[in-house]
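For reference, the structure discussed in these notes is given below.
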Amino acid sequence: MTLDNGRSRGGAASMTGAAMLEDVRLVDHHCHSVVRGPLDRAGFELLATEACQAAPPGCTTLDSQLGFAVRRWCAPLLGLAPHAPADDYLAERARLGPAEVNRRLLSAANVATFLVDTGFRAGELLTPAELAAPAGSAAGEVVRLEAVAERVAEGGASAAGFAAAYADALAAATASAHAVKSVLAYRHGLAIAPEPPSAAEVRAAAGRWLRRGPGAALARLDDPVLLRHLLWAGVERGLPVQIHTGFGDSDLDLAGSDPALLTGFLRAVQGRGTPIMLLHCYPYHRQAGYLAQVFPHVYLDVGLAVNHVGARATAVIAESLELAPFHKVLYSSDAFGLPELHVLGAELFRRGLTEVLGGWVAAGSWSAPDAERVAWMIGAGNAERVYGLRG
């Protein structure tokens, strides 16, 4: 058969390992870049966990599903045997140096396009273009709504002028961007009033925030009224709006990151025509699948979780496909800092999706052509359509 991307595929016989997607260059619709310089062991371990502190003495964060997956899938790319000891892996990584490690790992991910969130620790990371170059890939930007607001505040905006200044700054920041992103889940939680705040409410909230003065307090926007205003500003901008849901680092209240809490907001914006992209979702991926089914503008992925659950990635991917329409599910890695996370996101996704869909074909529940078509949709086609990447 011939897929929409023009690649000829072989049907059920190819459904082993990662074969169903081996010729498909993925679109990673949400990720971050990788660190610029070399890493010592402590630095590497902190980037291989969502924890914000080192493991206890005598322990390692690499004794985890993610750590074992690195040793299985990334070690051979550095010339080591699969499952090489962590000490050997880190020693060889240091010997090769960041540029060579990035070249080997990022190219192995076989990603056609990275859509890169540039709103977090950007000064420590490669630019999107620098990330894409070793992989021979394209890159686009995802603009973080809160980061734009924090720059506006640092620029001396007044309470009365904040809304207009923010609208201008967001338009400028997104002139060539593919999407915007909200980290409302981190700053407040997803339980918000569904309607946009009034101009008077925004002005009063901006006054409260700006009176904190310069420094760390001003640099972190956590006022729920302003966060809601930013989210609606993103919707009005018309680009896909990515919203972090589900687990993340310890700065997050997991109970407040359930995407079902956004139900009222999703109803309120349904008529605007703006795609809402529920990022990551785990352990609430079944709730996200329900939302994607009942709302025409809602999409989801299980990025981040796939890396961290490692050998259990197949189960999470299968659960994400229980309710969600297949044109609503996308691939992402949410890789941050380590090129290994780009490799794992792609490898575990390819293998997990192939195992799930191939199993349904083997059971007679699906046809092989349908399985390959859906695999391509989730791996690349849906993102190409939603983000306007075709042509």
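What nm value, rounded to one decimal, do you get for the distance between Glu319 and Arg151 when each label is placed 7 Å out toward the C-beta?
About 3.8 nm, to one decimal.
Select from Thr174, Ala204, Thr263 the residue farthest towards the positive end of the dipole of the range 153-272; place +1 on Cβ of Lys and Arg, -1 on Cβ of Asp and Glu, and compute about the Cα centre.
Towards the positive end, the residue furthest out is Ala204.
Label points 7 Å out from Cα along the Cβ direction at Asp370 and Glu236: separation in nm?
4.4
Among 159-166, 113-120, how do they line up by average Cβ neighbours within 10 Å per residue, starting with the highest? Write out the running numbers ahead of the final one.
Working: 159-166: 17.1, 113-120: 22.9.
Descending mean neighbour count gives 113-120, 159-166.
Once you sort the root eigenvalues of the Cα gyration tensor of the chain as a ≥ b ≥ c, which label holds: rounded (a/c under 1.5), prolate (a/b larger than b/c) or oblate (the other case)?
Here the chain falls in the oblate category.
Between Leu96 and Ala164, 0.36 nm times their residue separation minus their Cα-Cα distance comes to what?
19.5 nm
Looking at the square roots a ≥ b ≥ c of the eigenvalues of the Cα gyration tensor of the range 40-96, which shape do they give, rounded for a/c under 1.5, prolate if a/b is larger than b/c, or oblate? Provide the component values of the computation, followed by the final result.
Details: a/c = 2.08, a/b = 1.62, b/c = 1.28.
It is prolate, given that a/c is not under 1.5 and a/b is the larger ratio.
In nm, give the distance between the simple-model label positions of Asp63 and Asp88, each being 7 Å from the Cα along the Cα-to-Cβ direction.
The two pseudo-label positions are separated by 2.0 nm.
Quick one: Glu201, Glu45, Glu124, fewest Cβ neighbours within 10 Å first, how do they rank?
Taking fewest neighbouring Cβ atoms as first place, the list is Glu124, Glu201, Glu45.
Estimate the FRET efficiency between Ala204 and Arg36 by the formula 1/(1 + (r/R0)^6), using the beta-carbon distance for r and 51 Å for R0, to the nearest 0.05.
Values: r = 41 Å, r/R0 = 0.81.
Result of the calculation: an efficiency of 0.80.
To the nearest 0.05, how large is the calculated FRET efficiency for Arg272 and Ala138 if R₀ is 35 Å and r is the Cβ-Cβ distance? Kindly include the intermediate steps, with their values, before the conclusion.
On the way: r = 28 Å, r/R0 = 0.80.
It comes out at approximately 0.80.
Springs between alpha-carbon pairs under 10 angstrom, Gaussian network model over the chain: which of Ala175, Ala167, Ala51 fluctuates most?
Per the Cα network of the chain with a 10 Å cutoff, Ala175 tops the list.
Sorted from fewest to most neighbouring beta carbons within 10 Å, what does the list His280, His297 look like?
With the sparsest Cβ surroundings first, the list reads His297, His280.
State the antiparallel share, in %, of DSSP beta bridges confined to the chain, rounding to the nearest 5.
5
With springs only between Cα atoms under 10 Å apart, run a GNM on the chain and tell me which of Val343, Val309, Val294 wobbles the most.
Val294
Read-outs: derived from the displayed coordinates by stated rules, not from any lab. Predicted model, so just to flag it, every value in this text is computed and none were measured. Every residue, glycine as well, gets a Cβ built from its backbone with ideal geometry; the counts of neighbours run over all protein chains shown.
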